[in-house]
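These notes are about the structure you will find just below.
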Amino acid sequence: MSDLSIELHWHRTESGFVPGKYSAEHVVRYNNSYEVRADAAPDWGGKAENTNPEQALASALSSCHMMTFLALAAKANWPVASYHDHAVAHLGKNPKGQMSVTRIDLHPVVRFDTGFSVDDKILADMQDRAHRYCFIANTLADSVEINVL
C-alpha cells in the first residue's frame with residue numbers, strides 16, 4: 001500500500017522556551033509544492049487565520065468522504081454536478097477524560113444535473129456507504145456523524 005507524507009517545520013521565535021509563552025505556529029508542506037500555515041486552535045492560543053490540527057482532521061474526513069461518495073455515484077451513473085460540505089470538529093473530553101476530537105459532523109449537500117433526482121432515502125443510503133468505505137472514517141471509528149441535507 002501507499003505511504004503518504006507531509007513535512008512539518010517549526011522554530012521558536014521567542015527568546016526563551018517557557019510553558020504557555022511560545023508560539024505553536026508552524027508550516028505543513030504537501031508534496032514539496034505548497035504550504036499551509038498551521039497553529040493551535042484559537043482557544044489554545046493559536047492564530048485564528050491559521051488552520052489547526054482539528055480543522056485539518058475535519059478537512060481530511062470531509063474530503064475522503066466526498067471522494068468516496070463521488071466514486072460510488074459515478075459507478076451508479078448518478079450525474080453529480082456539485083458537492084458541498086460543512087464539516088465541524090467538536091472538541092471535548094473522551095471517556096478517559098482526555099481532550100480529543102469527540103465527534104466530527106459532516107453536512108454534505110449534493111446537486112445533480114438538471115432532470116436527475118434521487119429519493120432522499122437512497123441518497124442517505126449512498127452517503128452511509130461512502131462513510132463505511134472512507135479510509136479516514138474507518139480510521140476514526142465511531143466519532144463521525146453524517147447529516148444529509
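The values are calculated or read from the model by the stated rules, or taken from the named source; none is laboratory data. As the structure is a computational prediction, the values presented were derived from the model and not from experiment. Glycine also receives a Cβ, built like all others from the backbone with ideal geometry; neighbour counts cover every protein chain displayed.
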TODO: Check every one of the strands (runs of 3 or more DSSP E) wholly within the stretch 1-120 and list those with 2 or more residues that are hydrophobic (A, V, I, L, M, F, W, C) and either in contact (Cβ under 8 Å) with a residue 40 or more places away in the chain or closer than 23 Å to H131 by Cβ (or both).
DONE: 80-84, 88-93, 99-106, 109-112
Open item on the list: Tell me whether the stretch 109-124 contains one or more residues that are surrounded by 15 or more Cβ atoms within 10 Å (Cβ to Cβ), of a type in the set (S, T, Y) and either closer than 30 Å to S23 by Cβ or at pLDDT 95 or above (or both).
Closed with: no
Task: Tally of residues being surrounded by 10 or more Cβ atoms within 10 Å (Cβ to Cβ) and either of a type in the set (S, T, N, Q) or in contact with a strand residue (DSSP E or B) (Cβ under 7 Å, 6 or more places away or on another chain) (or both) across the stretch 11-33 - done: 7
Task: Residue among G115, G92 that alone is closer than 21 Å to D43 by Cβ and not polar (S, T, N, Q) - done: G92
TODO: Return yes when S82 is farther than 20 Å from N138 by Cα and more than 21 Å from the chain's Cα centre (by Cα) and no when it is not.
DONE: no
TODO: Residues being in contact with a helix residue (DSSP H, G or I) (Cβ under 7 Å, 6 or more places away or on another chain), surrounded by 12 or more Cβ atoms within 10 Å (Cβ to Cβ) and either at pLDDT below 95 or not aromatic (F, W, Y) (or both): count how many of those fall in the stretch 39-75.
DONE: 8
